[in-house]
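For reference, the structure is listed below as structure tokens.
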Amino acid sequence: SQQGEEDPQALSIQEGENATMNCSYKTSINNLQWYRQNSGRGLVHLILIRSNEREKHSGRLRVTLDTSKKSSSLLITASRAADTASYFCATDSGGYQKVTFGTGTKLQVIP
Amino acid sequence: DVKVTQSSRYLVKRTGEKVFLECVQDMDHENMFWYRQDPGLGLRLIYFSYDVKMKEKGDIPEGYSVSREKKERFSLILESASTNQTSMYLCASSFRFPVTGGDEQYFGPGTRLTVT
């Protein structure tokens, strides 16, 4: 079953603009992770935010987590053409570290 | 750098064939995972393993089996391939923490399997 659902499904922006994508989930989590996938390749881990954290930064990435709303957002600032990829949120609800991935947001950054 | 390798990038098999997909990681990770990825459905977990010889069913285990004889190697087996198993297969690994909390997963490049 899909735990995380990303929104929007697709996003097209100009280079230099900010990109925001959202993730909603259904059950309580220990942490939430964001991954990037370039076309036809494996996923690359971007950032992990734990359930007791509200915001986290990594370079041009900013992630927020609102456990009361069961939602997270990923902000990419000053986007570049190289940021063109699909972005997935993944929720970890504990147990044997089984994470559940959403269906992804496809981001296109136009040069 | 962590490296997760998969035996093939592209594979074409016939219906009814037995198919082996192999995954090897070099970071001494306890956890290993097999996912399939289909358009509009995201990643779906087929099986995972948290230790040698241990395995747990994921969300869609039907038609698949797995083998983990060594810590670094996790194999996915399609006993009798069918056309609905045409998909991208992704392997991943991660550390296991004694307290639940998880950690990032490291992914291989994927195997695009076509069953005709």
Check the stretch B:64-86 and report whether any residue there is surrounded by fewer than 17 Cβ atoms within 10 Å (Cβ to Cβ), free of Cβ contacts under 8 Å to residues at least 12 places away in the same chain, outside any strand (DSSP E or B) and in contact with a Phe, Trp or Tyr (Cβ under 9 Å, 6 or more places away or on another chain). no
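For the stretch B:2-61, give me each residue that is among the basic types (Lys, Arg), in a loop (DSSP other than H, G, I, E, B), in contact with a Lys or Arg (Cβ under 9 Å, 6 or more places away or on another chain) and more than 10 Å from chain A (Cβ to nearest Cβ). I'd like the intermediate steps shown before the answer.
Filtering the stretch B:2-61 for residues among the basic types (Lys, Arg) gives B:3, B:9, B:13-14, B:18, B:36, B:44, B:53, B:55, B:57.
If we keep only those that are in a loop (DSSP other than H, G, I, E, B) as well, we get B:3, B:9, B:14, B:18, B:53, B:55.
From what is left, the residues that are in contact with a Lys or Arg (Cβ under 9 Å, 6 or more places away or on another chain) are B:9, B:53, B:55.
If the condition is that a residue be among the basic types (Lys, Arg), in a loop (DSSP other than H, G, I, E, B), in contact with a Lys or Arg (Cβ under 9 Å, 6 or more places away or on another chain) and more than 10 Å from chain A (Cβ to nearest Cβ), then B:Lys53, B:Lys55 are the ones that fit.
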Is one or more of the residues making up the stretch A:66-76 at pLDDT 95 or above and within 14 Å of another protein chain (Cβ to nearest Cβ)? no
Would you be able to tell me the number of residues in the stretch A:79-111 that are open to solvent by 50 Å² or more (accessible area, probe 1.4 Å), in contact (Cβ under 8 Å) with a residue 24 or more places away in the chain and either in contact with a Gly (Cβ under 6 Å, 6 or more places away or on another chain) or within 14 Å of chain B (Cβ to nearest Cβ) (or both)? 2
For residues that are touching a Leu at 6+ places or on another chain (Cβ under 8 Å) and β-branched (Val, Ile, Thr), scanning just the stretch A:8-48, find the one that is nearest to A:Phe101 (Cα to Cα). A:Ile47
The conditions are (1) without any contact (Cβ under 8 Å) to a residue 40 or more places away in the chain; (2) of a type outside the set (S, T, N, Q); (3) open to solvent by 40 Å² or more (accessible area, probe 1.4 Å), and B:Arg14 fails exactly one of them. Which is it? (1)
Here the residues within the stretch B:75-89 that are within 13 Å of B:Trp34 (Cα to Cα) and away from chain A (no Cβ under 14 Å) are B:Ser75, B:Leu76, B:Ile77, B:Leu78
Go through the stretch A:1-21 and give me each residue that's open to solvent by 60 Å² or more (accessible area, probe 1.4 Å) and either in a strand (DSSP E or B) or within 11 Å of chain B (Cβ to nearest Cβ) (or both). A:Ser1, A:Glu5, A:Asp7, A:Gln9, A:Ala10, A:Ser12, A:Gln14, A:Thr20
Residues that are touching a residue at least 40 places away in the same chain (Cβ under 8 Å) and open to solvent by less than 10 Å² (accessible area, probe 1.4 Å), drawn from the stretch A:31-78: A:Asn31, A:Leu32, A:Gln33, A:Trp34, A:Tyr35, A:Leu43, A:Ser72, A:Leu74, A:Ile76
Among (1) farther than 26 Å from A:Gly104 by Cα; (2) in contact (Cβ under 8 Å) with a residue 24 or more places away in the chain, where does B:Met54 come up short? (2)
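The values are calculated or read from the model by the stated rules, or taken from the named source; none is laboratory data. A quick note: this is a predicted structure, and the numbers were derived from the prediction, not measured. Don't worry about glycine lacking a Cβ; one is built from the backbone with ideal geometry, like all the others, and counts go over all protein chains shown. Side chains are part of the model used for accessible areas, which takes the heavy atoms of the whole protein and leaves out ligands, DNA and RNA. Shrake-Rupley method; radii C 1.70, N 1.55, O 1.52, S 1.80 Å.
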